[in-house]
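Trainee: Below is one structure. I have some questions about it.
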Amino acid sequence: MKNFLDLAREAGIHSPETPGRDFIAFCLDPSGFDVSDTVKQQQAEILGIARKTSTTYQAYITMCKGTGCVSSGQKRLRKRFDEILQQKGLADRVRLIETGCYGFCEKGPIVSVNPGEVFYCDVQEQDIDELVEKHIVGGNVVERLLFAPDAVKVGDIAFYRKQERRVLANAGIIDPDAIDEAIASQTYLGLTKALYDTSPEEVIDAVKRAGLRGRGGGGFPTGKKWEFCRTGSQDPKYVICNADEGDPGAFMDRSILEADPHRMLEGMIICGYAVGSSQGFIYVRAEYPLAVKRITRAIEQARQYGLLGKNILGFGFDFDIEICQGAGAFVCGEETALI
């Protein structure tokens, strides 16, 4: 199946060689563009896959592949899912998606089935045959794998009921390795808006008004930090993402990198535009192999789509990102040592 970039090239909307300002708008809604019905149909199918409403698949099985669920046996579950779906001739009708962390590691491995958003906890390898036979084939919920008898969906569980996830809104929902799914969930839309009609100073002002603060403990206002960097007299300027976690059990950064790496890239690109930088660095622990793998792939995809590199989206703005892996020294996560 063709991806967004293929369709945009066909329609003459965008390519990394000839970037177009309307690329993200085209990805999210092709109806306002003069393109063929074939392109519209293909694009609708891609958007449907990302939103779990595709007509091609009978069902979607999303599996948490956060580090917690992997350590609880997720890889064995994936292998058994592949085997049983193949045996039943469902491999082309059921899509398996490995997502980021749901945030409920105590109850992992976690599996969700759409349509219906049925949320299964503590799923073991021996449960897979029943889950496929009873739910995917028969259409009936496997009640013994629910968190509680009346908790079919995530929102039915008290742990989640009062949560409003923002940074991690896509965690457990999209495929972190698929830029198409990130775009379909409106990642990079904020970047487009910033480049389209917002000056760097206005971006900084918006961040200040939003009250965004650092997550490292000091809570320093992010907008102020960006403002200091922009008004500083020295060049070049750099954007540094501190994805190091030296505190025991601190998995904030890892969860973002594993679940939704493109959202983090978008934030760095917007920051680069706001402060006047063309180069970013991500400092991440080498002990986080899944996080490193996913952010590396996300950077490669963003470059392929013309969202990183030269003349991003045709706005004349250049920005690229490099990964630096650390060896785990606690002090390297401290700001001045990091820089």
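The values are calculated or read from the model by the stated rules, or taken from the named source; none is laboratory data. What you are looking at is a predicted structure, and each value in this text was computed from that prediction instead of being measured. Neighbour counts run over all protein chains shown; Cβ positions are idealised from the backbone, glycine included. These accessible areas exclude ligands, DNA and RNA; they are computed on the full protein's heavy atoms, side chains included. Shrake-Rupley method; radii C 1.70, N 1.55, O 1.52, S 1.80 Å.
Trainee: Collect the residues in the range 272-313 that are open to solvent by 10 Å² or more (accessible area, probe 1.4 Å) and basic (Lys, Arg), keeping them in residue-number order.
Mentor: If the condition is that a residue be open to solvent by 10 Å² or more (accessible area, probe 1.4 Å) and basic (Lys, Arg), then 285, 293, 297, 303, 310 are the ones that fit.
Trainee: Being over 17 Å from the mean Cα position of the chain (by Cα) and not polar (S, T, N, Q) is true for just one of 302, 329. Which residue is that? Lay out the reasoning, then the answer.
Mentor: Details: 302 fails: over 17 Å from the mean Cα position of the chain (by Cα).
Answer to the selection: 329.
Trainee: Need pairs with beta-carbon distance below 6 Å; first residue within 28 Å of residue 262 (Cα to Cα) and within the range 87-105, second among the acidic types (Asp, Glu); sequence gap 6+ or separate chains.
Mentor: The qualifying pairs are 97/175; 100/258.
Trainee: Consider residue 182 against the criteria (1) among the small types (Gly, Ala, Ser); (2) within 21 Å of residue 258 (Cβ to Cβ); (3) not in a helix (DSSP H, G or I): it satisfies all of them except one. Which criterion is unmet?
Mentor: (3)
Trainee: Look through 167, 137 and report the one residue that is modelled with pLDDT of 90 or more, on the phi < 0 side of the Ramachandran plot and either open to solvent by 50 Å² or more (accessible area, probe 1.4 Å) or in contact with a Leu (Cβ under 8 Å, 6 or more places away or on another chain) (or both).
Mentor: Working: 167 fails: modelled with pLDDT of 90 or more.
Within the list 167, 137, the selection yields 137.
Trainee: Quick test for you: out of 245, 202, pick the one residue that is of a type in the set (Asp, Glu) and open to solvent by 80 Å² or more (accessible area, probe 1.4 Å).
Mentor: None of the other options fit; the residue is 202.
Trainee: Restrict the check to the range 70-86 and report whether at least one residue is open to solvent by less than 60 Å² (accessible area, probe 1.4 Å) and closer than 17 Å to residue 288 by Cβ.
Mentor: yes
Trainee: Let me ask something else about it. Any residue in the range 202-217 that's within 21 Å of residue 243 (Cβ to Cβ): show its pairings with residues that are among the hydroxyl-bearing types (Ser, Thr, Tyr) and open to solvent by less than 40 Å² (accessible area, probe 1.4 Å) at Cβ separation under 7 Å, as long as the two are six or more apart or on different chains.
Mentor: 207/222; 212/222; 213/222; 214/222
Trainee: Does residue 266 satisfy the criteria of being out of contact with any strand residue (DSSP E or B) (no Cβ under 8 Å at 6 or more places or on another chain) and among the charged types (D, E, K, R)?
Mentor: yes
Trainee: What pairs come up if the first residue lies in the range 38-62 and is at positive phi, the second is open to solvent by 10 Å² or more (accessible area, probe 1.4 Å) and modelled with pLDDT of 85 or more, and their beta carbons are under 7 Å apart, counting only those six or more places apart or on different chains?
Mentor: 52/114
Trainee: Same structure again: Go through the range 3-37 and give me each residue that's assigned to a helix (DSSP H, G or I) and either over 19 Å from residue 192 (Cβ atoms) or without any contact (Cβ under 8 Å) to a residue 12 or more places away in the chain (or both). Outline the logic, then answer.
Mentor: Within the range 3-37, the first condition is being assigned to a helix (DSSP H, G or I), and the residues that meet it are 4-10, 23-28, 30-32, 37.
The answer is 6, 9, 10, 31, 32, 37.
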